[in-house]
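In what follows, a structure is listed as structure tokens, so that the remarks can point back to it.
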Amino acid sequence: MTHSEITKEYASIMLTGDRPTGPLHLGHYVGSLKNRVKMQDMYDTCFYMVADIQALTDNAENPQKVRDNLLEVVLDNLAVGVDPKKTHIFVQSMVPEIAELMIFFMNLVTINQLLHNPTIKTEAKQKGFEESIPLGFLAYPVSQAADILFCKATIVPVGEDQLPVLEQANDIAKKFNILYGEVFPKITGVVGDVARLVGTDGNAKASKSLGNAIYLSDSPAEIERKVMSMYTDPLRIKKTDKGHVEGNVVFSYLDIFARPEMHGEIASIKQRYSAGGDDAPGDVEIKKLLIQELRILLDPIRARREAFAKDMPAVEQILKDGIAVARQHAQKTLAEVRKVMHIDYF
Ligand code: TRP
């Protein structure tokens with residue numbers, strides 16, 4: 001669906017969220033965070049959810065991990081520019097109406113649909129759930145449908161891997177509307193410019209579990225260490241050998257993260273790198289350029305994070321305010337849901 005096809009009534013609500021299971025990294029930044037910051041100026045109402053219930057679906061034995069990461073993930077978002085004046089920031093479990101909505105949605109999905117969902121299949125494998133999937137985990141797309149639809153959000157910035165989950169949510173909404181009455185809008189997922197960021201080790205995806213990601217909160221020393229150990233071109237033994245730019249992580253990152261005014265210089269470095277000879281740049285030189293560009297991006301993010309972290313009661317107040325607004329929307333939608341389902345008894 002294009003923007004112009006979204007009906008006016010539903011035109012203006014954006015919602016997104018993260019699982020609080022660890023610090024956010026550059027892959028999250030280019031895949032989704034950058035978009036949510038830009039888009040908070042384009043929609044009347046914006047929500048950002050910390051999906052603690054969803055995080056528990058594969059961390060049931062470790063609730064402390066979820067708790068420890070809750071405020072960290074909020075700080076990461078505030079640091080990149082999610083602005084509490086524009087975006088209501090709230091915690092999933094503090095809006096119980098979402099759980100109630102999920103219960104109604106569960107009747108509209110089959111176990112087989114969930115078992116065949118590509119996102120669930122991939123994640124179940126990653127988490128070692130192939131033999132025996134917890135019901136809560138299997139049902140998280142249903143829970144996520146409720147996360148999005150409690151406020152009738154239409155625009156959802158997400159990572160590419162989440163698109164099948166949004167498709168499932170749309171199927172649920174459609175079925176609900178047909179069975180009971182037109183309550184829910186169609187959801188459109190919006191994926192960032194870089195759907196998948198390579199890992200610092202050359203692996204197809206930067207991820208926490210693979211230990212190949214640069215975090216938004218990394219110190220300058222950590223950034224330097226990670227860039228210096230980045231995967232380059234294993235076939236280039238001597239600086240004068242012809243090098244490969246394709247598949248070279250340092251160049252991939254420069255393409256994505258360097259400031260536009262550096263693009264000319266980077267093109268010339270690439271050219272000399274591929275040509276080889278005495279003029280060819282050394283790996284260290286290119287890596288130093290990447291460290292410089294990443295610091296230009298990440299230093300202000302880290303500074304903003306530290307500024308917010310100095311006043312945690314204020315951050316908690318941001319959440320309390322966000323929860324109150326989310327609950328208003330949720331209660332209004334749930335009243336409508338009960339009405340069309342004919343379970344609005346008294
Ligand atoms: N499943 C999302 C992820 O893993 C997090 C999430 C939970 C979410 N609820 C959401 C994203 C609602 C968008 C909308 O990244």
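Just a few scattered comments:
- Tail weight of P(r) past 23 Å, computed on alpha-carbon pairs of the range 74-220, percent: 47
- Share of pairwise Cα-Cα distances greater than 23 Å in the range 187-326 is 47 percent (whole percent).
- Between residue 196 and residue 121, the FRET efficiency from the beta-carbon distance, with R0 = 30 Å, is close to 0.95.
- Spatially proximal lysines relative to residue 38 (Cα-Cα < 16 Å; intrachain offsets below 8 disregarded): 85, 86
- Estimated from the Cβ-Cβ distance and a Förster radius of 51 angstrom, the FRET efficiency linking residue 244 and residue 303 is about 0.90.
- Amide hydrogen neighbours beyond the local backbone of residue 89, cut-off 5 Å, H modeled: 48, 322
- Student exercise, the range 240-284 dipole from Lys, Arg, Asp, Glu Cβ charges, in Debye to nearest 20: 80
- Using the Karplus relation 6.51 cos²θ - 1.76 cosθ + 1.60 with θ = phi - 60°, the per-residue 3J(HN,Hα) values for the range 44-53 come to 5, 10, 10, 10, 10, 10, 8, 8, 6, 5 Hz, with x marking Gly and Pro.
- Relative contact order for the range 66-198, counting Cα pairs under 8 Å that sit 6 or more residues apart, in percent: 24
- Greater than 31 Å apart at Cα, pairs in 121/186; 34/287; 125/174; 125/339: 125/339
- Under the Debye formula (equal points on every Cα, no solvent term), log10 I(q)/I(0) of the range 117-180 at q = 0.16 Å⁻¹: -0.56
- Mean Cβ neighbour count within 10 Å, used as a protection proxy, ranking 146-158, 65-77, 307-319, 15-27 highest first: 146-158, 15-27, 65-77, 307-319
- Extreme residue, positive dipole direction of the range 13-168, given options 138, 49, 78 (C-beta unit charges): 78
- Estimated at 0.36 nm per residue, the fully extended path between residue 160 and residue 275 surpasses their Cα-Cα distance by 37.9 nm.
- Amide N proximity, the range 43-87 versus residue 259 label position 7 Å along Cα-to-Cβ, cut-off under 20 Å: 80-81
- Ratio of the Cα radius of gyration of the chain to 2.2 N^0.38 Å, where N counts its residues: 1.10
- A simple spin-label model places the labels of residue 205 and residue 129 1.4 nm from each other, with each point 7 Å out along Cα-to-Cβ.
- Gyration tensor verdict on the range 1-130 (Cα atoms; rounded if a/c is under 1.5, prolate if a/b is larger than b/c, oblate otherwise): oblate
- Percent of alpha-carbon pairs separated by more than 17 Å within the range 245-300: 32
- Inter-centroid distance (Cα atoms) of the range 155-177 relative to the range 43-96, Å: 19
Where a number appears in this text, it was derived from the coordinates with a stated rule and is not lab data. Computed from a predicted model, the values in this text were never measured in an experiment. A quick note on method: Cβ atoms are made from the backbone with ideal geometry, for glycine too, and the neighbour counts reach across all protein chains shown.
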